[in-house]
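Here the structure comes first, spelled out in structure tokens, and everything after it is commentary.
Values in this text are rule-based calculations from the coordinates and carry no lab data. Here the structure is a predicted model, which is why all the values come from computation and not from measurement. As a convention, Cβ positions derive from the backbone with ideal geometry for all residues, glycine included, and neighbour counts pool all protein chains shown.
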Amino acid sequence: MLTVVSLDRLGRSLEDLIGIVGRLKRHGVGFQSLHEKLDTTTAGGMFVFHVFAALAEFLRTIIVANTNEGLAAARARGQRLGRPPAMTPEKVAYALQLLAEPNRTMCSAPGLMETSKPGRNVSDAGTEEVLR
């Protein structure tokens with residue numbers, strides 16, 4: 001008997017859930033979900049499994065759609081999404097100035113600028129070539 005806390009912990013889609021439970025059944029292993037209180041070793045349990053699995057996928061689809069709508073609305077309002085850039089344009093210019101000095105190396109610049117190790121995440125594609 002395979003026991004899980006909730007159906008959504010077993011698979012990411014209805015197709016996954018049905019496939020996993022089908023493989024378990026072929027190997028003679030029952031499936032039990034504690035949250036939904038179902039047991040697929042009975043015909044009634046198998047029916048309830050399919051109903052709950054369909055509902056779980058439906059709810060997941062609605063959550064994804066709502067999240068995408070929220071992100072689109074935030075973008076439409078001009079909000080910047082994601083992690084803020086590590087370097088401002090001023091810091092990029094300063095880094096280029098430091099690297100232009102003959103005694104500076106790429107490894108010494110981050111220490112002077114209070115940034116982490118050198119990388120390729122520079123907003124201007126032209127300056128990316130300089131920092132390599």
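What the table shows:
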read-out	value
Subset of the range 44-102 (residues that are closer than 29 Å to residue 4 by Cα and among the hydroxyl-bearing types (Ser, Thr, Tyr))	61, 67
Only one of 24, 55, 81, 99 that is aliphatic (A, V, I, L, M), assigned to a helix (DSSP H, G or I) and touching a helix residue (DSSP H, G or I) at 6+ places or on another chain (Cβ under 7 Å)	99
Selection from the range 15-44 of residues that are of a type outside the set (Val, Ile, Thr) and surrounded by 18 or more Cβ atoms within 10 Å (Cβ to Cβ)	17, 31, 33, 36, 38
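Residues are listed down the side, and each one gets a yes or a no for (1) touching a Ser or Thr at 6+ places or on another chain (Cβ under 6 Å); (2) of a type outside the set (A, V, I, L, M); (3) without any contact (Cβ under 8 Å) to a residue 40 or more places away in the chain:
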| position | (1), (2), (3) |
| --- | --- |
| 19 | no, yes, yes |
| 31 | yes, yes, yes |
| 74 | no, no, yes |
| 82 | no, yes, yes |
| 103 | no, yes, yes |
